[in-house]
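Visitor: Mind looking over this structure? Questions follow.
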Amino acid sequence: MDQPLSPDPVADPKAYQDHLLGLLGEEDPASVQEVTPDAWRALVEEAGELAGQRPEPAEWSVLECLGHALDAEIVASARLRWILAHDEPPLLGYDQDLWVDRLRHGTDHPELLLSTHAALRAANLALWARTTDEERARLGMHAERGPESVDLIFRLTAGHDRFPLAQARRALDVVRASP
């Protein structure tokens with residue numbers, strides 16, 4: 001399934017949230033998140049030596065897309081824990097392009113990205129499973145999007161899972177088709 005470009009999360013935060021929630025649809029967010037690490041592993045294995053190759057100079061490679069997915073998991077991990085442990089904590093935004101470039105995800109070892117993402121995801125799913133409905137309603141104050149609950153962040157994470165995976169798939173298809 002070809003996915004449209006994402007709205008800018010800073011310029012149009014509501015459209016960005018709606019986009020991610022639309023990618024999730026009515027599916028159970030925990031079920032979507034459970035299968036994502038295996039989907040990443042399969043795609044990286046399929047890409048092989050092409051995983052680090054960008055389709056275009058300004059577009060991310062498979063590895064960079066995976067690095068971004070890991071960054072998003074790290075941020076979601078922290079946000080969930082801050083909200084559960086603190087009363088309405090501030091939640092910082094981040095520039096995904098700066099993180100991918102400055103953390104040099106294009107040169108990361110694929111297994112390190114995969115295993116770190118899978119471990120964080122398992123921890124976050126376990127955390128979700130032990131939260132109550134009352135805890136899931138707790139809020140943090142996102143710097144760009146305003147109030148966000150544990151429940152909303154968990155659903156946004158599931159919707160977000162689909163975007164970099166599709167982006168990585170497109171990158172691999174382009175790289176394979178290049179002469």
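Visitor: Please work out which residue is farthest from GLU148 (Cα to Cα), limiting yourself to segment 44-78 and to residues that are in contact with a Gly (Cβ under 6 Å, 6 or more places away or on another chain) and part of a helix (DSSP H, G or I). Break it down into steps so the answer makes sense when it comes.
Guide: In the first step, residues of segment 44-78 are kept if they are in contact with a Gly (Cβ under 6 Å, 6 or more places away or on another chain); the result is 52, 61, 63-64.
If we keep only those that are part of a helix (DSSP H, G or I) as well, we get 63-64.
On the way: LEU63: 29, GLU64: 27 Å.
This residue is LEU63.
Visitor: Which one of ALA158, ALA177 is out of contact with any strand residue (DSSP E or B) (no Cβ under 7 Å at 6 or more places or on another chain) and under 18 Å from VAL35 (Cβ atoms)? Write out each step before concluding.
Guide: Details: ALA177 fails: under 18 Å from VAL35 (Cβ atoms).
Residue meeting the stated conditions: ALA158.
Visitor: What are the residues in segment 105-159 that are over 15 Å from the mean Cα position of the chain (by Cα), more than 23 Å from GLY25 (Cβ to Cβ) and touching a residue at least 60 places away in the same chain (Cβ under 8 Å), if any?
Guide: PRO110, GLY140, GLU144, GLY146
Visitor: Suppose we filter ASP108, ASP95, ASP71 for residues that are more than 14 Å from VAL44 (Cα to Cα) and open to solvent by 20 Å² or more (accessible area, probe 1.4 Å); which single one remains?
Guide: On the way: ASP108 fails: more than 14 Å from VAL44 (Cα to Cα); ASP71 fails: open to solvent by 20 Å² or more (accessible area, probe 1.4 Å).
Of the residues listed, the single one that is more than 14 Å from VAL44 (Cα to Cα) and open to solvent by 20 Å² or more (accessible area, probe 1.4 Å) is ASP95.
Visitor: Right, something else. Can you work out which of the residues in segment 5-27 that are within 19 Å of LEU66 (Cα to Cα) and touching a His at 6+ places or on another chain (Cβ under 8 Å) is surrounded by the fewest Cβ atoms within 10 Å (Cβ to Cβ)?
Guide: SER6
Visitor: Any residue in segment 143-158 that is over 18 Å from LEU43 (Cβ atoms), open to solvent by less than 70 Å² (accessible area, probe 1.4 Å) and part of a loop (DSSP other than H, G, I, E, B)?
Guide: Taking segment 143-158 as the starting set, the residues that turn out to be over 18 Å from LEU43 (Cβ atoms) are 143-157.
Applying the additional criterion that residues be open to solvent by less than 70 Å² (accessible area, probe 1.4 Å) yields 144-146, 148-154, 156-157.
Now narrow it down to the ones that are part of a loop (DSSP other than H, G, I, E, B): 144-145.
Yes, segment 143-158 contains at least one residue that is over 18 Å from LEU43 (Cβ atoms), open to solvent by less than 70 Å² (accessible area, probe 1.4 Å) and part of a loop (DSSP other than H, G, I, E, B).
Visitor: Just to be sure, is ALA30 over 22 Å from ASP173 (Cβ atoms), within 12 Å of the chain's Cα centre (by Cα) and open to solvent by less than 80 Å² (accessible area, probe 1.4 Å)? Give the derivation first.
Guide: Details: over 22 Å from ASP173 (Cβ atoms): yes; within 12 Å of the chain's Cα centre (by Cα): no; open to solvent by less than 80 Å² (accessible area, probe 1.4 Å): yes.
So ALA30 fails the test.
Visitor: So, one more: Cβ-Cβ below 8 Å, separation at least six or inter-chain, first residue in segment 45-60 and at pLDDT 95 or above, second open to solvent by 90 Å² or more (accessible area, probe 1.4 Å) and part of a helix (DSSP H, G or I): which pairs?
Guide: From segment 45-60, the pairs are LEU50/ARG176; GLY52/THR107.
Visitor: Now a separate question. From the set of residues in segment 79-102 that are more than 16 Å from the chain's Cα centre (by Cα) and part of a loop (DSSP other than H, G, I, E, B), which is farthest from GLY48 (Cα to Cα)?
Guide: ASP87
Visitor: Of the residues in segment 33-49, how many are within 15 Å of the chain's Cα centre (by Cα), open to solvent by less than 60 Å² (accessible area, probe 1.4 Å) and more than 16 Å from ALA126 (Cβ to Cβ)?
Guide: Final tally of qualifying residues: 2.
Visitor: Next up: Working carefully through the options ASP18, ASP28, ASP38, find the one that is among the charged types (D, E, K, R), at pLDDT 95 or above and within 16 Å of ILE153 (Cβ to Cβ).
Guide: Details: ASP18 fails: at pLDDT 95 or above; ASP38 fails: within 16 Å of ILE153 (Cβ to Cβ).
Sole residue among the options that is among the charged types (D, E, K, R), at pLDDT 95 or above and within 16 Å of ILE153 (Cβ to Cβ): ASP28.
Visitor: In the set ALA118, ALA122, ALA168, ALA126, which member is among the hydrophobic types (A, V, I, L, M, F, W, C), under 28 Å from LEU63 (Cα atoms) and buried (at least 20 other Cβ atoms within 10 Å of the Cβ)?
Guide: On the way: ALA118 fails: buried (at least 20 other Cβ atoms within 10 Å of the Cβ); ALA122 fails: buried (at least 20 other Cβ atoms within 10 Å of the Cβ); ALA126 fails: buried (at least 20 other Cβ atoms within 10 Å of the Cβ).
So the residue among ALA118, ALA122, ALA168, ALA126 that is among the hydrophobic types (A, V, I, L, M, F, W, C), under 28 Å from LEU63 (Cα atoms) and buried (at least 20 other Cβ atoms within 10 Å of the Cβ) is ALA168.
The values are calculated or read from the model by the stated rules, or taken from the named source; none is laboratory data. If you're wondering where the values come from, they're calculated on a predicted model, not measured in any experiment. All Cβ positions, even for glycine, are placed from backbone atoms using ideal geometry, and neighbour counts span all protein chains on display. Note: areas computed on protein heavy atoms with side chains; ligands, DNA, RNA excluded. Shrake-Rupley method; radii C 1.70, N 1.55, O 1.52, S 1.80 Å.
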